Amino acid sequence: MSDTSTASGNTEHCRALRKDGTPCKAAVLRDGLCFGHQPIDRAARARGGSRRSNAARSVKLLPARLAPIFERMERVFISLDEGMYDRQQATAMATVASVLLKIVQAGELEERVRDLEERVSRSQEPAQWVPMDPAMAALRKDRVAFTQAAGIAPDVWQADVLRSDSPRILLNCSRQSGKSTVVGALALHKAIYEPGALVVVVAVAQRQATEMIRACRDLYAALDRPIAAESENKLSLELRNGSRILSVPSTEATIRGLSKARLLILDEASRIPDALYAAVLPFLAISNGALALLSTPFGKRGFFYNAYCHRDEWFYREVWGQECPRISAEFLAKMRREMGDYFYAQEWECQFNDSVTGAFRSADIDAAVKDYPVWDLGQYSVPADVGFPQEEEDGARWNLAQYATR
Ligand SMILES: Nc1ncnc2c1ncn2[C@@H]1O[C@H](COP(=O)(O)OP(=O)(O)OP(=O)(O)O)[C@@H](O)[C@H]1O
Ligand SMILES: [Mg+2]
């Protein structure tokens, strides 16, 4: 039994008095006092102690819309401190505040998705010819020289990617090998030299999206902004020639406009849901757009693994950590020690591991199954707003062959 209950089973009440002189009804936490009446270091608080300064700092970080909720919560905590509320009342108020917070967050997310949808599906900006410095114009035909002009000397494999005109690029590369940089250069080249081009970066996490856009913007700045920007922020870069590089989350809500993309980039593709991939493939067939999948592996499952199984149908490059001139052998040895062989192989040696929890190795399953099911993606060439069937567990394979050529 906790020390908040008496022998008879009744809750023991706090022995302190409320500000109005009435007895505090809150349950005892410690030393006969409730949570709110626990002694606090009032001297420290008066000096602007930690509680105060933390709260003040948090308020500054808050979006303006959340300030009233925060203030209300602060009032509740102060009242709780003073014994004005019992534990149930305080819990109820905290619950209401957290629901309010969720509503505000959901509203903000929805607003952002709506804005992205609108921007992605906006009818193509009129392509505008914008005069360009002749030296810059001369780099149109040479993406390697273009990247060099931005101060990056591409690694051999990066130069191969830049020279390739393949509409299907598959990069299975270790962490930090330079995949975002090279694909960022492809994206920026398209935006600069193909007025009105739409380049879309799809990513599971905003961190990936911002990194890819940052790669584009770093190159753009290093080239001295050869075409002025209409707008530039951490999630997009829009140029005065009507070209746009936009990043969007990998949710079906944002895919409707992808049919217009001239280049579609799926960053950390192994983490993107198969349903999204199934939805965007038919769009690419319509737009004649190019597709770049870049990732470290993430188990023997999903479209990225399947593309790897059919890598001869793609422009494929595999780059291990040890092949990257910027990653030292000492660093890799440390990684192997810290991560263990299993995860090291995935992150730094491009290996598609079996699931840690899987009861069978997938090689054994492959050997046991004769008529391996091949999914026909044709059934998904339906309008984007028609739902897609639930993804089956690992094991089903995409038939990519039909989409490999346009
Ligand atoms: N050819 C290059 N020369 C010099 N620096 C490079 C080159 N390629 C990439 N870099 C630098 O290496 C770092 C990692 O590059 P990048 O972010 O493109 O790698 P990544 O493979 O996308 O990494 P992650 O696995 O974290 O997504 C960046 O600082 C980038 O500027
Ligand atoms: Mg990256």
Checklist line | Exclusive hit being away from ligand 1 (no atom under 11 Å from the Cβ) and free of Cβ contacts under 8 Å to residues at least 60 places away in the same chain, set Ala153, Ala187, Ala191 | finding: Ala191
Notebook entry, point to check: Could you list, in sequence order, the residues of the stretch 213-225 that are surrounded by 22 or more Cβ atoms within 10 Å (Cβ to Cβ) and away from ligand 2 (no atom under 16 Å from the Cβ)?
Noted result: Tyr220
Check: So which residues in the stretch 203-239 are within 17 Å of the chain's Cα centre (by Cα), farther than 19 Å from Ile152 by Cβ and in contact (Cβ under 8 Å) with a residue 40 or more places away in the chain?
Finding: Ala203, Val204, Ala205, Gln206, Gln208, Ala209, Ser236
Note to self: Looking for something assigned to a loop (DSSP other than H, G, I, E, B), closer than 23 Å to Glu211 by Cα and away from ligand 1 (no atom under 16 Å from the Cβ) - is there at least one such residue anywhere in the stretch 278-290?
What the structure shows: yes
Check: For the stretch 105-156, what are the residues that are among the small types (Gly, Ala, Ser) and either within 18 Å of Leu239 (Cα to Cα) or at pLDDT below 80 (or both)?
Finding: Ala106, Gly107, Ser121, Ser123, Ala127, Ala137, Ala150
Notebook entry, point to check: Where residues in the stretch 174-183 are near ligand 1 (Cβ under 6 Å from one of its atoms) and in contact with an Asp or Glu (Cβ under 9 Å, 6 or more places away or on another chain), which of them is farthest from Ala215 (Cα to Cα)?
Noted result: Arg175
Next item on the list: Tell me, please, whether a residue that is among the aliphatic types (A, V, I, L, M), more than 24 Å from the chain's Cα centre (by Cα) and in a helix (DSSP H, G or I) can be found in the stretch 305-321.
Entry: no
Item checked: Top-ranked residue of the stretch 153-180 - restricted to ones that are part of a loop (DSSP other than H, G, I, E, B) and over 18 Å from Ala290 (Cβ atoms), ranked as farthest from ligand 2 (Cβ to nearest atom) -> Ala153
Checklist line | Answer residue from the stretch 198-209, given it is part of a helix (DSSP H, G or I) and away from ligand 1 (no atom under 11 Å from the Cβ) and is surrounded by the most Cβ atoms within 10 Å (Cβ to Cβ) among those | finding: Ala209
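The values are calculated or read from the model by the stated rules, or taken from the named source; none is laboratory data. Quick caveat: nothing in here was measured; it's all calculated off a predicted structure. Glycine gets a Cβ as well: all are built from the backbone with ideal geometry, and neighbour counts include every protein chain shown.
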